[in-house]
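What follows is one structure encoded as structure tokens, with my remarks underneath.
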Amino acid sequence: MHVSSKKSPLTWAVHISVVALVALWLFPTVGLFVSSFRTADQIANTGWWKALFTQERQAPAIRIAGNEEEIDGQFVIAGNLFESDEVEISKWGTSSRAPEAYVPGDSVDVGDGASLTVAADGAFRLSAPQSFGDSRLPRVFTTATRPPEFTLENYRFVLFDPGNREGMARAFFNTLTVTIPATIIPIVIAAFAAYALAWMRFPGRSLLIAAVVGLLVVPLQLALIPLLRLHNEIGIGKGYLGVWLAHTGFGLPLAIYLLRNYMVGLPRDIIENARVDGATDFQIFVKIILPLSFPALASFAIFQFLWTWNDLLVALVFLIDSTGETTVMTKQIVELLGTRGGNWEILATSAFVSIAVPLVVFFAMQKYLVRGLLAGSVK
Amino acid sequence: MHPALQGLITIIVGVGGCVGYFYFSNQFLDRVLFPATGKHAGRNINRANQIRPWLFLFPALFALGLYLAYPVFATLWLSVTDRDAGGAFVGLANYSQMFGEPKFWEAMTNNMLWLIIVPAFSTGFGLLAAQLTDRISWGGIAKSLIFMPMAISFVGAAVIWKLVYDTRPVGQDQIGVLNAVWLSFDGGVWSVLVLKLVPIALVAIFAAFMGFVIYQTLRPVIGREKGHGETHWWGYVLRGLLSLAAVWMLWLSLGSILSLFSASLPYGEPQTWLTIPFWNSIFLMVVLVWIQTGFAMVILSAALRGIPEETIEAAVIDGANPFQIFFKIKVPQIMSTIVVVWTTITIVVLKVFDIVFAMTNGQWETQVLANYMYDKLFRANDWGVGSASAMIIMLLVTPILAWNVYNARKETR
């Protein structure tokens, strides 16, 4: 801004502080993102921040396999330990007690007169005077530097593996099923109410507005037991209908408040003119108010979408029954935290699947979100 | 039926039903009940217009009443009855049972800490970020990156931060950032500087700030300065509460300075961060601060831009430095917005459930009220005590509720 538009040391300090702040805020999420593309073994052995660099580490044992060939009276099995050709071995061994016993090129006796040699690029040659037959071939321990390596296997397993009972595919669709009606229905109901509160004259209007403002902050924790009991009594029980109704009820105060604030600001002339021309309130609402209120409708839609997509408590209480058929992603992740606390490749991938959609919505519609926030809390 | 299909039908039925309801009820009102024809046309139009608002409002009022207003009273009633005795009235027995439980007081203490620390740091960082990003060309991008955690669910954030706090046994590579950083300290001069002197300085600054807050809140009460207008009795109550909270914070920070001085830190040992009492609560709060800072930043940044240029230019001409401009010109002008942001975050904090539920589930002394309530309601199946704790949350929200309603009434009048 105008205060120090010349390049002073202070400007540089500002730049550096913002870089630091952004890095600090981004770092945890990036960690999860990077981890979701690493194998279980990589995650367990090194920090994710090392994933981008070539690194030296001990790999788990690889058992030698391959077809036997007879060359000059020697039975030989040859091949390469690694699929990638960018791996470079610095030390290797044949037992877990001395995994770094040899250097590449060494020829080692592995018993029964067989000898094994491993080259730096992972090429091995196992030879013996007699056939190996069905005997177990030796294992090779390697300490090697390898380039960064990423995999999509976690996503395949979490989303598409039919054998994975803890997969996210079903939870994803359940979440979607909860979210869409729970976003659209309150908008419709709230839009009419907001119009009445903004542009119709009737006794008790300001009292109702105050009541809506009051209900904005009522904690939904209070609603859990009374409403669950009510749902059970009228036969809805736990299920989608109940969770849609609950989200509608809890979202309404904000919806009415936001939309009313916006509609009140619309130009009075347009509405008065339409009235003079004989339009009914219903026509004014549908043909004039709704199209003009699009930004406010969009802001609330984003709020409600994020809130219902990310919700855990309402789903736990009103939706998920003991069969677990209707589980949502947030609940699935909490379960995984309990049962798969150490399996970061599954946890990270599942969590990222669930936060990807809100992130896309967030970045695509940020303008409306900010506008809604400003309308909702700054007066 | 497939749930997706069911969802689609619900959308159609729900939306169609709503629109149909509004359309046909209006038609009914205008054509059948009070037709705008015949000899009573004028009177009928007036009557129809008196009823119409209620047609528009009915679904919303019904839903609000059923889903938010009714539960307040139902919960109040549940909190003074005993479910096992067939819903008999038991007076305050549930409350006294709850007040006798150490877990409840642990949740209360933690909640108070959350209530002070999270809004303070979120608003503080938000203000800092708003002020800094407004001054640079790529501020927009920086803002949206800091704002991003708002879109992440509390559960997602819990997973993200659990990875940060992860612990591996001694000798293995640490995969949690916090432990990796921790293990890079070995107890030398550098460690003492970073882990002792810097934190002590930060806490001391915080303590000094708290002292300043106490001074500012109590100054008018003690009565050196008169003439700021009359203060209501609730003004004194508010000041009293604020200064009590500040005294508590001052006491806590002085205590932690002392313990930081005397502590011998276990260098070289990986820590299980979420099991260290008191500090684990702080680590959970970090998650919420991380999420809420973006919100505070967006709102405060808009407020900062709304400040009239002239006031700043006048200050520049008078020779004020950037810090003076910020603290003496800008901050006082956006004070009302800061209060709004602070209270909004306070409400979020009061309802915080998912983070604690997913990360520690209230173990290792991290319990908070909302999770305590969930435990009582759905694990212990004790509706009485559960409802009583829900009423405590309601009670804590009530001042904010009253304040909001008071303002809204003032505005619409």
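When the residues of the range A:314-325 are filtered to those that are surrounded by fewer than 21 Cβ atoms within 10 Å (Cβ to Cβ) and among the β-branched types (Val, Ile, Thr), which remaining residue is nearest to A:HIS247 (Cα to Cα)?
So the residue we want is A:ILE320.
Does A:ILE236 meet the test of being surrounded by fewer than 20 Cβ atoms within 10 Å (Cβ to Cβ), of a type outside the set (Lys, Arg) and over 29 Å from B:ASN407 (Cβ atoms)? Spell out the reasoning first.
Values: surrounded by fewer than 20 Cβ atoms within 10 Å (Cβ to Cβ): yes; of a type outside the set (Lys, Arg): yes; over 29 Å from B:ASN407 (Cβ atoms): yes.
When the stated conditions are applied, A:ILE236 passes them.
Does A:ALA193 satisfy the criteria of being crowded, with 16+ Cβ neighbours inside 10 Å and touching a Leu at 6+ places or on another chain (Cβ under 6 Å)? Step through it out loud before you land on a result.
Values: crowded, with 16+ Cβ neighbours inside 10 Å: yes; touching a Leu at 6+ places or on another chain (Cβ under 6 Å): yes.
So A:ALA193 fits the description; yes.
Need pairs with beta-carbon distance below 8 Å; first residue more than 9 Å from chain B (Cβ to nearest Cβ) and within the range A:227-243, second among the small types (Gly, Ala, Ser); sequence gap 6+ or separate chains.
Cβ pairs passing all conditions: A:HIS231/A:GLY237; A:HIS231/A:GLY242; A:ILE236/A:GLY242; A:VAL243/A:ALA182; A:VAL243/A:ALA315.
When the range B:131-175 is examined, which residues are found to be more than 8 Å from chain A (Cβ to nearest Cβ) and in contact with an Asp or Glu (Cβ under 7 Å, 6 or more places away or on another chain)?
Result: B:VAL170, single match.
Give the residue that is farthest from the other protein chains (Cβ to nearest Cβ), with candidates limited to residues of the range B:325-369 that are more than 18 Å from A:ASN310 (Cα to Cα) and among the charged types (D, E, K, R).
Selected residue: B:GLU365.
So, of the residues in the range B:297-342 that are polar (S, T, N, Q) and touching a Ser or Thr at 6+ places or on another chain (Cβ under 9 Å), which turns out to be surrounded by the most Cβ atoms within 10 Å (Cβ to Cβ)?
Our first condition is that a residue be polar (S, T, N, Q); within the range B:297-342, this holds for B:301, B:311, B:321, B:324, B:333, B:336-337.
Those still in the list that are touching a Ser or Thr at 6+ places or on another chain (Cβ under 9 Å) too: B:301, B:333, B:337.
Details: B:SER301: 23, B:GLN333: 16, B:THR337: 21.
So the residue we want is B:SER301.
Is it the case, given these coordinates, that B:LEU33 is out of contact with any strand residue (DSSP E or B) (no Cβ under 8 Å at 6 or more places or on another chain) and without any contact (Cβ under 8 Å) to a residue 60 or more places away in the chain? Please lay out each step first, then the result.
Details: out of contact with any strand residue (DSSP E or B) (no Cβ under 8 Å at 6 or more places or on another chain): yes; without any contact (Cβ under 8 Å) to a residue 60 or more places away in the chain: yes.
Answer is yes for this residue.
Given the criterion over 44 Å from the mean Cα position of the chain (by Cα) and not in a loop (DSSP other than H, G, I, E, B), identify the matching residue among A:SER127, A:SER135.
On the way: A:SER135 fails: not in a loop (DSSP other than H, G, I, E, B).
Sole residue among the options that is over 44 Å from the mean Cα position of the chain (by Cα) and not in a loop (DSSP other than H, G, I, E, B): A:SER127.
Can you tell me which residue among A:VAL158, A:VAL140 is touching a residue at least 24 places away in the same chain (Cβ under 8 Å), at negative phi, assigned to a strand (DSSP E or B) and hydrophobic (A, V, I, L, M, F, W, C)?
Working: A:VAL158 fails: assigned to a strand (DSSP E or B).
Residue meeting the stated conditions: A:VAL140.
So in the range B:173-193, with the set limited to residues that are among the aliphatic types (A, V, I, L, M) and farther than 30 Å from A:ALA59 by Cα, which one is farthest from the chain's Cα centre (by Cα)? If you could, list the steps in order and put the result at the bottom.
At the first step, the residues of the range B:173-193 found to be among the aliphatic types (A, V, I, L, M) are B:175, B:177-178, B:180-181, B:183, B:189, B:192-193.
Within this subset, residues satisfying the condition of being farther than 30 Å from A:ALA59 by Cα are B:189, B:192-193.
Values: B:VAL189: 39, B:VAL192: 35, B:LEU193: 34 Å.
Within the range B:173-193, the match that is farthest from the chain's Cα centre (by Cα) is B:VAL189.
Just to be sure before I move on: is A:TRP25 among the hydrophobic types (A, V, I, L, M, F, W, C), under 28 Å from B:ALA151 (Cβ atoms) and modelled with pLDDT of 75 or more in the structure I sent? I'd like the intermediate steps shown before the answer.
On the way: among the hydrophobic types (A, V, I, L, M, F, W, C): yes; under 28 Å from B:ALA151 (Cβ atoms): yes; modelled with pLDDT of 75 or more: yes.
The answer is yes for A:TRP25.
Determine the pairs where a residue that is touching a residue at least 40 places away in the same chain (Cβ under 8 Å), located within the range B:363-379, has a partner that is aromatic (Phe, Trp, Tyr) with Cβ atoms under 7 Å apart, the partner being 6 or more residues away or on another chain.
B:VAL368/B:TRP114; B:ASN371/B:PHE353; B:ASN371/B:PHE357; B:TYR372/B:PHE104
B:ASN94 fails exactly one of the following numbered conditions: (1) assigned to a loop (DSSP other than H, G, I, E, B); (2) surrounded by 14 or more Cβ atoms within 10 Å (Cβ to Cβ). What is the number of that condition?
(1)
Which pairs turn up if I take residues in the range B:138-158 that are outside any helix (DSSP H, G or I) and look for partners that are surrounded by 24 or more Cβ atoms within 10 Å (Cβ to Cβ) and of a type in the set (Ser, Thr, Tyr) with beta carbon separation below 6 Å, at least 6 apart in sequence or on another chain?
Final answer for the pair search is B:SER153/A:THR330.
Among B:ILE307, B:ILE355, B:ILE393, which is under 30 Å from B:ASP166 (Cα atoms) and among the β-branched types (Val, Ile, Thr)? Working first, answer last.
Working: B:ILE307 fails: under 30 Å from B:ASP166 (Cα atoms); B:ILE393 fails: under 30 Å from B:ASP166 (Cα atoms).
It is B:ILE355.
Scan the range B:97-107 residue by residue and report those that are buried (at least 18 other Cβ atoms within 10 Å of the Cβ) and either among the acidic types (Asp, Glu) or more than 14 Å from chain A (Cβ to nearest Cβ) (or both).
Let us first name the residues in the range B:97-107 that are buried (at least 18 other Cβ atoms within 10 Å of the Cβ), namely B:98, B:104, B:106-107.
Correct list: B:MET98, B:PHE104, B:GLU106.
Can you tell me how many residues within the range A:193-210 are farther than 19 Å from A:ALA246 by Cα and assigned to a helix (DSSP H, G or I)?
Of the residues in the range A:193-210, 12 are farther than 19 Å from A:ALA246 by Cα and assigned to a helix (DSSP H, G or I).
For the range A:87-131, which residues satisfy the criterion of being on the phi > 0 side of the Ramachandran plot and in contact with a strand residue (DSSP E or B) (Cβ under 9 Å, 6 or more places away or on another chain)?
Taking the range A:87-131 first, the residues on the phi > 0 side of the Ramachandran plot are A:105, A:111-113, A:122.
Within the range A:87-131, A:GLY105, A:ASP112, A:GLY113, A:GLY122 meet the criteria.
Is there a residue being surrounded by fewer than 16 Cβ atoms within 10 Å (Cβ to Cβ), outside the structural domain of A:THR349 (by TED's automatic domain parsing) and assigned to a helix (DSSP H, G or I) anywhere in the range A:109-122?
Scanning the range A:109-122 turns up no residue that is surrounded by fewer than 16 Cβ atoms within 10 Å (Cβ to Cβ), outside the structural domain of A:THR349 (by TED's automatic domain parsing) and assigned to a helix (DSSP H, G or I).
Which one of these is surrounded by fewer than 23 Cβ atoms within 10 Å (Cβ to Cβ) and over 23 Å from A:GLU345 (Cβ atoms): B:PRO199, B:PRO119, B:PRO169?
On the way: B:PRO119 fails: surrounded by fewer than 23 Cβ atoms within 10 Å (Cβ to Cβ); B:PRO169 fails: over 23 Å from A:GLU345 (Cβ atoms).
After applying the criteria, what remains is B:PRO199.
May I ask you to say which residue of B:GLN216, B:GLN174 is at pLDDT 75 or above, within 28 Å of B:ILE116 (Cα to Cα) and polar (S, T, N, Q)? Steps first, please.
On the way: B:GLN174 fails: within 28 Å of B:ILE116 (Cα to Cα).
The unique qualifying residue is B:GLN216.
The values are calculated or read from the model by the stated rules, or taken from the named source; none is laboratory data. Nothing here was measured: the structure is a model prediction, and the numbers come from that model. As a convention, Cβ positions derive from the backbone with ideal geometry for all residues, glycine included, and neighbour counts pool all protein chains shown.
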